[in-house]
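The structure appears right after this line, and notes come after that.
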Amino acid sequence: MAYQAIETAPRSELRECQNERLQETVRNAYENVDHYREALEDAGLTPDDIETVDDITKLPFTTKEDFRDEYPDGLFAVDNEDIVRIHASSGTTGKPKIVSYTQNDVDVWSDAVARCLEAAGLGAGDTVQNAYGYGLFTGGLGLHYGVEELGATVIPIGGGNTQRQVEMLEDLGSDAIACTPSYALYLAETADDMGVDIKDLPLRVVIFGAEPCTDPMREAIEERLGVKGIDIYGLSEIVGPGVSIECAEAQEGLHIHEDRFYPEVVDPETGEPLPEGEEGELVLTTLSKEALPVLRYRTGDLTTLSSGECECGRTTIRMDNVTGRSDDLVIIRGVNFYPSEVEDVVLEFDEVAPHYRIDLDRVNNLDTLEITIECEHDFEGDREELRDRVLTRLQNVLSFTPDTLTIEEPGGIERTEVGKVKRVYDHR
Ligand SMILES: [Zn+2]
């Protein structure tokens, strides 16, 4: 438990550390980034006005538009000679967000990931197969350095090559694999096709991230692979993976590394801070980043914070699994829903495979919604009857009726081997 001192410290000790690091971060941003100096001046603030984390709500937000406006390096606080690494997060539209790291930033990040892995029940002597994509995406190298920092062995296989992944799990006896939740399921299917039962292999942990994962989806992964499924959270704008993770003991919310990243939850509409326990948009402030200090970043991810000591002994605040982003909200004929609500329904039915797609279109100026699901290999019942049952359940959950509900053959919905799965296709 080499990394746990700060995670089990009394709150007062943590608070002191946060206050000190917040002051340094604000000063760094104000003195070295024009964008922040102007934003603070517009708000009538100087770094002296921010003494403790209680003052944080005085600070203006940072948004993804700010990253776009300051592309590529307008938010950097250090000179090129101090930057040792660049990553980028792909935007769905326009230019990517470019992020940078000093050597110290890389060390802090690796340490944060190592702490995550330890919380997931891994340690020196374990082998972690890293199936995140390497390259500009922070997932690959972020995880990689964290495994090494932990003193464990990393297999840098990267995304895709699914048959090879299964062979490596078998031949090298990997203890853990890091990948997206949808890929974990695809891996299980591929192994089945190869006649390999992953449950018989030493694999015991799947670290999944980069995609939202509901509890039923996690249960499906745990059951099919015979593993513990641990959700890791992070985003490139803040650091990459490593902001928070579930502990293996409780698996009840993700412990945030609060000594490095300060969390708030705000009303996504008004930006007003919400009390603990209420769901809203997660806002994060970096507390140690040198190259790219970020103040009050609007992540777009919806979650709830809860404090109180955990079964595992950690005293750090926990956030709920992120199952929706405010950007993912689907609005159809004036009704709102999150794709994760469809996922919950799909996973309630044993006869239905954990894959789905949602197609939105507009016909004669009217929005239409088509949901496609897939039955399990061993399903031999009446499809019409199954379709009616799923449809009734969807109606209850979504409060309106999809125009079409299609049940595909097993394997009929396209699988994503590399990168994030796409579930919603908006043709409007
Ligand atoms: Zn815990």
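The values are calculated or read from the model by the stated rules, or taken from the named source; none is laboratory data. Everything quoted here is computed from the prediction, not taken from an experiment. Here the Cβ is made from the backbone with ideal geometry for all residues, glycine too, and neighbour counts use every protein chain on show. Calculation scope for accessible area: heavy atoms of the full protein, side chains included, ligands and nucleic acids excluded. Shrake-Rupley method; radii C 1.70, N 1.55, O 1.52, S 1.80 Å.
Glu237 - would you say it is within 16 Å of the ligand (Cβ to nearest atom), assigned by TED's automatic domain parsing to the domain that holds Thr25, among the acidic types (Asp, Glu) and over 30 Å from Lys199 (Cβ atoms)? Outline the logic, then answer.
Numbers: within 16 Å of the ligand (Cβ to nearest atom): no; assigned by TED's automatic domain parsing to the domain that holds Thr25: yes; among the acidic types (Asp, Glu): yes; over 30 Å from Lys199 (Cβ atoms): yes.
Here the answer is no, as Glu237 does not meet what is asked.
Considering Tyr183, Tyr134, the condition of being touching a Gly at 6+ places or on another chain (Cβ under 8 Å) and in a loop (DSSP other than H, G, I, E, B) is satisfied by Tyr134 alone.
Among residues of region 373-390 that are within 23 Å of Glu341 (Cβ to Cβ) and not assigned by TED's automatic domain parsing to the domain that holds Val352, none has a beta-carbon under 6 Å from a residue that is modelled with pLDDT of 90 or more and of a type outside the set (A, V, I, L, M, F, W, C) at least six positions away or on a different chain. Here is the figure for region 367-405: residues that are exposed (fewer than 15 other Cβ atoms within 10 Å of the Cβ) and closer than 24 Å to Glu189 by Cα total 7. The set of residues in region 304-325 that are part of a strand (DSSP E or B) and at pLDDT below 95 comprises Gly324, Arg325. If the condition is being within 27 Å of Ala88 (Cα to Cα) and of a type in the set (Lys, Arg), then region 223-279 contributes only Arg260. Do you know which of the residues in region 245-279 that are within 16 Å of the ligand (Cβ to nearest atom), in contact with a helix residue (DSSP H, G or I) (Cβ under 7 Å, 6 or more places away or on another chain) and outside any loop (DSSP other than H, G, I, E, B) is nearest to Gly234 (Cα to Cα)? Filtering first and then ranking leaves Ile245.
Is it the case that region 382-397 has a residue that's of a type in the set (Val, Ile, Thr), closer than 26 Å to Thr162 by Cβ and at pLDDT 90 or above? Working first, answer last.
So the first thing to find is which residues in region 382-397 are of a type in the set (Val, Ile, Thr), and the list is 390, 392, 397.
Next, only the ones that are closer than 26 Å to Thr162 by Cβ stay: none.
Looking for residues that are of a type in the set (Val, Ile, Thr), closer than 26 Å to Thr162 by Cβ and at pLDDT 90 or above, one finds none in region 382-397, hence no.
Could you tell me whether region 91-98 includes any residue that is closer than 30 Å to Arg11 by Cα and touching a strand residue (DSSP E or B) at 6+ places or on another chain (Cβ under 7 Å)? For region 91-98, residues closer than 30 Å to Arg11 by Cα and touching a strand residue (DSSP E or B) at 6+ places or on another chain (Cβ under 7 Å): absent.
Asn336 satisfies every condition listed in (1) at pLDDT below 90; (2) open to solvent by 10 Å² or more (accessible area, probe 1.4 Å); (3) touching a helix residue (DSSP H, G or I) at 6+ places or on another chain (Cβ under 9 Å) except (3).
Before we move on, is Glu276 touching an Asp or Glu at 6+ places or on another chain (Cβ under 6 Å), open to solvent by 10 Å² or more (accessible area, probe 1.4 Å), on the phi < 0 side of the Ramachandran plot and charged (D, E, K, R)? In short, no. Here is the figure for region 334-381: residues that are under 17 Å from Leu398 (Cα atoms) and assigned to a loop (DSSP other than H, G, I, E, B) total 3.
When region 198-226 is filtered for residues that are assigned to a loop (DSSP other than H, G, I, E, B), surrounded by fewer than 21 Cβ atoms within 10 Å (Cβ to Cβ) and at pLDDT 95 or above, the ones remaining, listed by number, are Leu201, Pro202, Arg204, Gly226.
For (1) in contact (Cβ under 8 Å) with a residue 40 or more places away in the chain; (2) farther than 25 Å from Ser90 by Cβ; (3) open to solvent by 80 Å² or more (accessible area, probe 1.4 Å); (4) in contact with a helix residue (DSSP H, G or I) (Cβ under 9 Å, 6 or more places away or on another chain), each residue gets a yes or a no:
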| residue | (1), (2), (3), (4) |
| --- | --- |
| Thr138 | yes, no, no, yes |
| Gly142 | yes, no, no, yes |
| Glu148 | no, yes, yes, yes |
| Ala152 | no, yes, no, yes |
| Ile157 | no, no, no, yes |
| Gln163 | no, yes, yes, yes |
| Leu169 | yes, yes, no, yes |
| Leu172 | yes, yes, yes, no |
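Being open to solvent by 60 Å² or more (accessible area, probe 1.4 Å) and more than 16 Å from the ligand (Cβ to nearest atom) is a condition met by no residue of region 303-323. Any residue that is without any contact (Cβ under 8 Å) to a residue 24 or more places away in the chain and exposed (fewer than 13 other Cβ atoms within 10 Å of the Cβ) - is there at least one of those in region 341-364? Yes, region 341-364 has at least one match.
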